[in-house]
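Please find one structure pasted underneath; my questions will follow.
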Amino acid sequence: MATTVALLNMKGGVGKTTLAVNLAWHLYLNEQKNVLLVDLDPQFNATQYVMDYQAFQKQRKTGGTIADLLVDPPTLDLRLKKVKKNPRLALHTIEKSVDGKRFDLLPAELNLAWVVKNPAQMDYRLEKLLVTLRNDYDYVFIDCAPTDSVLTTMALTASDYLLIPMRPDRFSILGFANLNETIKIFRNNCPDPHSVQVLGIVFTQVTGTSTVEQEAMNDIRTAAEKEGTYLFTSSLKYSNSFSRSVKDQTPIFGTGYAQYRTRRAPAKIAEEVKLRIAALTANAGAAKGKK
């Protein structure tokens, strides 16, 4: 069964989607893993990263999106009935290898915002949806909306781990405090003791050229230590090449003119993610053994 990781930050524009897409792409392409990328943001940036307009319109007409799977319209046409009966119809294959390994997307669209407007009985819908898909994959990455809403609750409920992309600026410290409060409220209010574990903070869009940025990183490091939150040693540097990768719909490590350090970043972060998962799993096993 897949390991499910949600990428969440209450602040937009921090490179969350960029990190999610490139981590997923790296694990598929360079580590031969079956990977599913779930776009859980009504802005559907992850979807636009890997699908052009024509492919997206075809997907909406013939397959559907995550909005079709989560939202119950007043009447169901034949296409929606088929998609709800077989959620795999809503998957878009980004790449597939000759030996059958897959990198798939569960795309989003603006209609996903209906979930936020009508949140009743939505908390477990994503988890129930992924139950039907997780056995097909090694990893599931959920690109979350930058809001404290039912979409956040759905993602936390459906995930094993939480990864926090964070741009090192003065706004991030308050955002980190808000995120910690959201996680605490989720754990206190969740009907069952679902224990999504925090992998840690990954710095994104790091320029390395500003003393203000370095001061912000130090402040975030202090806040993370106070909360007992792991801070990744690997980071995603700022690069104009990411804009090129989005335009060309390629991973950063397949993008022309990207510097070596930039191309290597997803691999280094992915390796640290795996080490963190192993460490948390070992700690959980040790704690269980003491009971």
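The values are calculated or read from the model by the stated rules, or taken from the named source; none is laboratory data. In this text, all values refer to a predicted model and were calculated from it rather than measured experimentally. Backbone-built Cβ (ideal geometry, glycine too); neighbour counts: all protein chains shown. Protein only, heavy atoms only, side chains kept; ligands, DNA and RNA dropped before computing areas. Shrake-Rupley method; radii C 1.70, N 1.55, O 1.52, S 1.80 Å.
Are any of the residues in region 41-54 part of a loop (DSSP other than H, G, I, E, B), in contact with a Lys or Arg (Cβ under 6 Å, 6 or more places away or on another chain) and not acidic (Asp, Glu)? If you could, list the steps in order and put the result at the bottom.
Residues of region 41-54 that are part of a loop (DSSP other than H, G, I, E, B), as a first pass: 41-44, 51-52.
From the residues that got through so far, the ones that are in contact with a Lys or Arg (Cβ under 6 Å, 6 or more places away or on another chain) too are none.
Checked against the condition, which is being part of a loop (DSSP other than H, G, I, E, B), in contact with a Lys or Arg (Cβ under 6 Å, 6 or more places away or on another chain) and not acidic (Asp, Glu), region 41-54 yields no hits at all.
If you don't mind, there's one more thing I want to ask. Yes or no: region 257-264 includes at least one residue that is assigned to a loop (DSSP other than H, G, I, E, B) and either on the phi > 0 side of the Ramachandran plot or at pLDDT 95 or above (or both). If you could, list the steps in order and put the result at the bottom.
Taking region 257-264 first, the residues assigned to a loop (DSSP other than H, G, I, E, B) are 257-259.
Add one more test, that the residue is either on the phi > 0 side of the Ramachandran plot or at pLDDT 95 or above (or both), and what stays is 257.
Yes - at least one qualifying residue is present in region 257-264.
Just to check your reading of the model, which residue among Met1, Met10 is hydrophobic (A, V, I, L, M, F, W, C), open to solvent by 20 Å² or more (accessible area, probe 1.4 Å) and out of contact with any Lys or Arg (no Cβ under 8 Å at 6 or more places or on another chain)? Break it down stepwise before answering.
On the way: Met1 fails: out of contact with any Lys or Arg (no Cβ under 8 Å at 6 or more places or on another chain).
Checking each option against the conditions leaves just Met10.
Within region 85-107, take every residue that is outside any loop (DSSP other than H, G, I, E, B) and open to solvent by 60 Å² or more (accessible area, probe 1.4 Å) and give me the one that is farthest from Ala2 (Cα to Cα). Steps first, please.
As a first pass, look at region 85-107 and keep what is outside any loop (DSSP other than H, G, I, E, B): 85, 87-90, 92-96, 102-106.
With open to solvent by 60 Å² or more (accessible area, probe 1.4 Å) added as a condition, the list becomes 85, 88-89, 96, 102.
Details: Lys85: 22, Arg88: 16, Leu89: 19, Lys96: 18, Arg102: 13 Å.
That would be Lys85.
Please specify each residue of region 82-109 satisfying the condition of being of a type in the set (A, V, I, L, M, F, W, C) and over 27 Å from Asn30 (Cβ atoms). Before you say what the answer is, go through the steps one by one.
Initially, region 82-109 is screened for residues of a type in the set (A, V, I, L, M, F, W, C), giving 83, 89-91, 94, 98, 103, 105-106, 108.
Selection gives Val83, Leu89.
Got a number for residues in region 127-150 being modelled with pLDDT of 95 or more, buried (at least 22 other Cβ atoms within 10 Å of the Cβ) and over 13 Å from Val5 (Cα atoms)?
0
Picking from Lys247, Lys268, which residue would you name as being assigned to a helix (DSSP H, G or I) and either of a type in the set (A, V, I, L, M, F, W, C) or closer than 19 Å to Ile94 by Cβ (or both)? Break it down into steps so the answer makes sense when it comes.
Numbers: Lys268 fails: either of a type in the set (A, V, I, L, M, F, W, C) or closer than 19 Å to Ile94 by Cβ (or both).
Answer to the selection: Lys247.
Here is a further query. Somewhere in region 188-197, is a residue modelled with pLDDT under 90 and in a helix (DSSP H, G or I)?
yes
Then there's this: Which of (1) open to solvent by 20 Å² or more (accessible area, probe 1.4 Å); (2) in contact with a helix residue (DSSP H, G or I) (Cβ under 6 Å, 6 or more places away or on another chain); (3) part of a loop (DSSP other than H, G, I, E, B) is the odd one out, the single condition Thr229 does not satisfy?
Every condition holds for Thr229 apart from (2).
Inspect region 31-46 for any residue being open to solvent by 20 Å² or more (accessible area, probe 1.4 Å), closer than 19 Å to Ala158 by Cβ and without any contact (Cβ under 8 Å) to a residue 60 or more places away in the chain and give the result as yes or no.
No, region 31-46 contains no residue that is open to solvent by 20 Å² or more (accessible area, probe 1.4 Å), closer than 19 Å to Ala158 by Cβ and without any contact (Cβ under 8 Å) to a residue 60 or more places away in the chain.
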